[in-house]
Amino acid sequence: MSYYSEEELREIADSLDSAVALPVNIEIEANHRVFDLSEVEKILRDSGNIFLADCGCRSIHHNCDSPMDTCLAVNVGPDYSEKNPTNQPRKVTVEEALAALRRSHEAGLVHMAYVMKGDEKPFLICSCCTCCCHTLGELLRNGIHTQVLTSKLIAEDDDAKCTGCGKCVKRCVLGARQKIDGEKKYDLTKCFGCGLCVSTCPSDAIRLIDRKKVLD
């Protein structure tokens with residue numbers, strides 16, 4: 001597989017203030033750094049414009065067959081497409097943007113908002129895979145995602161409802177869930193509330209809650 005070099009990662013990291021996980025199809029209060037789908041929708045509806053573009057990371061590395069047109073830029077200049085032609089951005093409606101988020105969620109991608117230094121709100125909402133993404137993938141490979149990624153949400157299991165099917169284990173890309181000797185193991189310190197396990201669980205045994213209620 002092809003990955004970013006250390007020099008490329010330094011240049012990217014220097015321009016980012018934070019990267020935060022975004023759950024999908026979850027209605028729950030969130031602060032200005034972490035957003036659920038309802039808040040993402042509000043951001044999109046309040047935006048002057050929305051552009052949907054191909055994922056720059058997957059375009060470069062091609063390490064998987066995940067959907068390509070998944071990156072959203074909001075409140076950018078009207079000439080965004082002309083200035084950034086490489087990833088083929090196109091202006092879209094709110095409904096088209098939300099459909100792209102849901103499609104990428106179904107594909108197992110993690111939604112992350114990037115806040116640039118000096119800005120209060122994100123201008124870029126990406127749907128990230130672990131094998132190509134310069135942020136999510138590299139943080140996981142270096143074992144430092146728990147120190148860098150932020151989220152207000154965390155998954156909570158209802159063991160009484162759990163059937164032990166293991167679908168959440170296969171769905172979790174952050175390494176929070178494993179199945180060892182037939183028994184499910186959940187390390188909540190590695191969970192960042194992306195919601196992939198929630199939408200997959202056939203017995204509705206998982207929900208997202210405020211992580212402060214669990215970790216504080």
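The values are calculated or read from the model by the stated rules, or taken from the named source; none is laboratory data. This is a predicted model, so every value here is computed, not measured. Backbone-built Cβ (ideal geometry, glycine too); neighbour counts: all protein chains shown.
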Problem - Boolean, Val169 is part of a helix (DSSP H, G or I), among the aliphatic types (A, V, I, L, M) and at pLDDT 90 or above - result: yes
Practice task
Kindly indicate which of Ser81, Ser59, Ser66 is in contact (Cβ under 8 Å) with a residue 60 or more places away in the chain and of a type in the set (S, T, N, Q).
Solution key: Ser66
Exercise for the section: Report yes if Asp187 is under 25 Å from Ala113 (Cα atoms), of a type in the set (D, E, K, R) and in contact (Cβ under 8 Å) with a residue 12 or more places away in the chain, otherwise no. Expected result: yes
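Pick from Lys170, Lys190, Lys161, Lys184: which is charged (D, E, K, R) and loosely packed, with under 14 Cβ neighbours inside 10 Å?
Sole residue among the options that is charged (D, E, K, R) and loosely packed, with under 14 Cβ neighbours inside 10 Å: Lys161.
Mind checking which residues of the range 172-206 are among the acidic types (Asp, Glu) and outside any loop (DSSP other than H, G, I, E, B)?
Glu183
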Handout entry: helices (runs of 4 or more DSSP H) fully within the range 44-111 counting 3 or more residues that are out of contact with any strand residue (DSSP E or B) (no Cβ under 7 Å at 6 or more places or on another chain), exposed (fewer than 15 other Cβ atoms within 10 Å of the Cβ) and in the same structural domain as His134 (by TED's automatic domain parsing)
Key = 94-106
Completion exercise
Taking the range 135-156 and keeping residues in contact with a Phe, Trp or Tyr (Cβ under 6 Å, 6 or more places away or on another chain) and more than 15 Å from Lys213 (Cα to Cα) leaves Leu149
Problem - Unmet criterion (only one of (1) touching a strand residue (DSSP E or B) at 6+ places or on another chain (Cβ under 6 Å); (2) modelled with pLDDT of 95 or more) for Pro202 - result: (1)
